[in-house]
Amino acid sequence: MKYKSISIDESIWEILQNDAKPFEDKTPNDVIKKWAHKLGLLPNANLFNPVSSNNYIGKYLKNISFNGKEYWPKDFSDLMIIVCGVLYKLYPDKFHVCLTLKGSRMTYFSKNSFKLVSPKSIPFTKYYVETKLNNKSKIERLYSLMNILGHDVNELVINIY
């Protein structure tokens, strides 16, 4: 990849650096990508994802903390349903962006359960989420959804054993 240089104001550079500081592997470039994504300029941007270094495969859930509340999901599929339900309540007018989250061979969200392999209904919505994924992939889908909705991914704390 060829990089181009530009001049920016010192105040903007400070904002970029401060927004990147909480995460060692997050750079000002990542911050700009996130901002552009929020503005709809980069719908498929690779955004910072704190789950990438964690392996949830073969792990069991103890509980989660999300958006200031504690939940006790029975498994990682239940965790997806809980988090998606809360996100829908917070962003009902924007939640449709979940339909843009697709893999090369799989759809992750749909309004039609027949388009998914193992669909679970997100309560009180017209959406379904794919649950035939390994635990790490389930968490990655949640972080991707949180990112595109503009929700702070650090609000989801997953306690495993």
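Select from the stretch 115-140 the residues that are among the hydrophobic types (A, V, I, L, M, F, W, C) and over 17 Å from the mean Cα position of the chain (by Cα) and write down the one among them that is nearest to I158 (Cα to Cα). Before you say what the answer is, go through the steps one by one.
Start the filter on the stretch 115-140 by keeping residues that are among the hydrophobic types (A, V, I, L, M, F, W, C), which leaves 116-117, 122, 124, 129, 133, 139.
If we keep only those that are over 17 Å from the mean Cα position of the chain (by Cα) too, we end up with 116-117, 124.
On the way: L116: 25, V117: 25, F124: 24 Å.
If we take residues in the stretch 115-140 being among the hydrophobic types (A, V, I, L, M, F, W, C) and over 17 Å from the mean Cα position of the chain (by Cα), then F124 is nearest to I158 (Cα to Cα).
Looking at K89, K102, K26, which is the one that is out of contact with any strand residue (DSSP E or B) (no Cβ under 7 Å at 6 or more places or on another chain) and modelled with pLDDT of 95 or more?
K89
So S118 passes all but one of these: (1) modelled with pLDDT of 95 or more; (2) surrounded by 14 or more Cβ atoms within 10 Å (Cβ to Cβ); (3) within 24 Å of K59 (Cα to Cα). Which condition number does it fail?
Checking S118 against (1) modelled with pLDDT of 95 or more; (2) surrounded by 14 or more Cβ atoms within 10 Å (Cβ to Cβ); (3) within 24 Å of K59 (Cα to Cα), the one that fails is (2).
List the pairs whose first member sits in the stretch 134-160 and is at positive phi and basic (K, R), whose second member is buried (at least 16 other Cβ atoms within 10 Å of the Cβ) and part of a helix (DSSP H, G or I), and whose Cβ atoms are under 7 Å apart, counting only residues at least 6 apart or on separate chains?
Close Cβ pairs (under 7 Å, with a partner that is buried (at least 16 other Cβ atoms within 10 Å of the Cβ) and part of a helix (DSSP H, G or I)) do not exist here.
From S144, S104, grab the single residue that is among the small types (G, A, S), part of a helix (DSSP H, G or I) and either in contact with a Leu (Cβ under 8 Å, 6 or more places away or on another chain) or surrounded by fewer than 21 Cβ atoms within 10 Å (Cβ to Cβ) (or both).
S144
Give the number of residues within the stretch 107-141 that are of a type outside the set (A, V, I, L, M) and part of a helix (DSSP H, G or I).
9
Output the number of the condition that Y60 fails; it satisfies all remaining conditions of (1) surrounded by 13 or more Cβ atoms within 10 Å (Cβ to Cβ); (2) over 25 Å from I32 (Cβ atoms); (3) in contact with an Asp or Glu (Cβ under 9 Å, 6 or more places away or on another chain).
Unmet for Y60, out of (1) surrounded by 13 or more Cβ atoms within 10 Å (Cβ to Cβ); (2) over 25 Å from I32 (Cβ atoms); (3) in contact with an Asp or Glu (Cβ under 9 Å, 6 or more places away or on another chain): (1).
The values are calculated or read from the model by the stated rules, or taken from the named source; none is laboratory data. All values reported here derive from a predicted model rather than from experimental measurement. Cβ coordinates were reconstructed from backbone atoms using ideal geometry, including for glycine residues, and neighbour counts include every protein chain displayed.
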